1. I'm told residue 95 meets every condition in (1) in a helix (DSSP H, G or I); (2) under 25 Å from the mean Cα position of the chain (by Cα); (3) crowded, with 20+ Cβ neighbours inside 10 Å except one. Can you identify the failing condition by its number?
2. Identify, from the list 215, 160, the residue that is outside any helix (DSSP H, G or I) and at pLDDT 95 or above.
3. I need the full set of residues from region 62-81 which are touching a residue at least 24 places away in the same chain (Cβ under 8 Å) and either in a helix (DSSP H, G or I) or within 20 Å of residue 184 (Cα to Cα) (or both), in order please.
4. When you look at residue 42, is it farther than 30 Å from residue 326 by Cα, at pLDDT below 95 and either outside any helix (DSSP H, G or I) or in the same structural domain as residue 152 (by TED's automatic domain parsing) (or both), yes or no?
5. Which pairs do you get when a residue that is modelled with pLDDT of 95 or more, found in region 502-518, comes within reach of a residue that is assigned to a helix (DSSP H, G or I) and surrounded by fewer than 21 Cβ atoms within 10 Å (Cβ to Cβ), reach meaning Cβ atoms under 7 angstrom, with the pair 6+ apart or on two chains?
6. Is it fair to say residue 25 is touching a residue at least 40 places away in the same chain (Cβ under 8 Å), within 37 Å of the chain's Cα centre (by Cα) and farther than 19 Å from residue 470 by Cα?
7. Would region 197-216 turn up any residue that is surrounded by 15 or more Cβ atoms within 10 Å (Cβ to Cβ), outside the structural domain of residue 512 (by TED's automatic domain parsing) and within 25 Å of residue 493 (Cβ to Cβ)?
8. Please work out if residue 323 is part of a loop (DSSP other than H, G, I, E, B), over 21 Å from residue 513 (Cα atoms), within 22 Å of the chain's Cα centre (by Cα) and in the same structural domain as residue 390 (by TED's automatic domain parsing).
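The values are calculated or read from the model by the stated rules, or taken from the named source; none is laboratory data. Keep in mind that this is a model prediction, so the values were computed, not measured. When we count neighbours, we look across all protein chains shown, and the Cβ atoms used for this are built from the backbone with ideal geometry, even at glycine.
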């Protein structure tokens, strides 16, 4: 790059390493230093030792890269990564860990566009582009390779020795903080986001040749559903970003659930999620593994709830108004609702959740088989809450009308979010009413369960995706609601009065897999009545014992046709 008329200042590689280290440490690590002070509040000596050691290690790391043709590209990359990460960490209180990188990797263009704001562009310009141009502007003095290596080692080795000595001298306190506050180093730029990206890439590479193992090869529909007299249909509404504490059904001060309340739904008041982001929670919800045993690897290498239902002869369908099924619906009927380009409910690649209702009405009228239909909502996904509900549901005002949440008050953000819950109440209640509308032809029931919650500025945290170990309850407490038509109650023996007595008992995403199997009377050894939320209030035919499967040698069924395009054809 040429700067006509301006003489470029010369600088040595060690000096530039020191300048860039100081910049990264001071300008892009506000959250890290704030938490360091809080976590080491009992020991000033340990805090200073830890901080000094980290500064020395950062300087040593950049000095290691001070090689001709390598140094400037590496520094510019680290500056830009730190600038981008610091914006999201400092603005929303999020942590850029492996799961967050995974969320970013699978997001859609429409979803990502809500985060690409003027504030982000300004931040990147000031904290990324301008410092990078300054690095380019400096003219570096390079030594011969061997001389440069010797000088670099003369800097790196003392840095390592001193930093090691500082940590060793305060090892007990430093080790305690790192062990008890695993989020601390994830907040450190640039190593936190870079290491997270490396871990995500490594995990993705290892999973490229996963062979999915069959599950519940003995699955079959039981005697009760066979004697139902009409098709049994369960609609599973997979909610998005709905936190339980903003549901009036759970005691929230505002009336955000008037329609579900009028329907007399069964509402579980203490339900926890498997994760804090869709990429983890959604597969976990439909997995046979409970949260304490779940991993992405296990989920991808084992068939899920929808596969087991299909094997048992249940017709399975997944309609998606979000960013996809995360692999859950790869082998069943699938359709993206956002493919409907001309619908008045859709704009810029996103649709309001009412998009489900017209097609669901048509599908229920034509249903001839026992079926499970999943509706994956866009729900309350932020930060553009104001785009998740139509004008007629803009009841709580003033509501935040921008994705740049820092420009809104907490009251405005909460108002916009509560409007999304009010709209979800309408959509979910409408699903129940459609099942009731067709109850002469089908025996219908519905489950609504959100994938995770949301932070609305509590303790300076926004959105979701926090590491589960430190995630606030706003992100892990989710709504779990069920509704049963009269024909379903009669056919499947569900006692709703009995269920109403059990709604305060803790539930979780662990329950969904077994609850849906129980709702469809699917008999298999993998079914656990203790995790079926409705089992204790479901009467056994003739008072008989629970089914005990014997045969587990059935071959995998042929994969159902995967549909694309308009869901009305499914």
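1. In the conditions (1) in a helix (DSSP H, G or I); (2) under 25 Å from the mean Cα position of the chain (by Cα); (3) crowded, with 20+ Cβ neighbours inside 10 Å, residue 95 misses (1) alone.
2. 215
3. Hits for region 62-81 are 62, 63, 64, 71, 72, 75, 76, 78, 79, 80, 81.
4. yes
5. Listed pairs, sorted by first residue: 510/531; 511/531; 514/531; 518/535.
6. For residue 25, the condition - touching a residue at least 40 places away in the same chain (Cβ under 8 Å), within 37 Å of the chain's Cα centre (by Cα) and farther than 19 Å from residue 470 by Cα - is not met.
7. The answer is yes; a qualifying residue exists.
8. So residue 323 passes the test.
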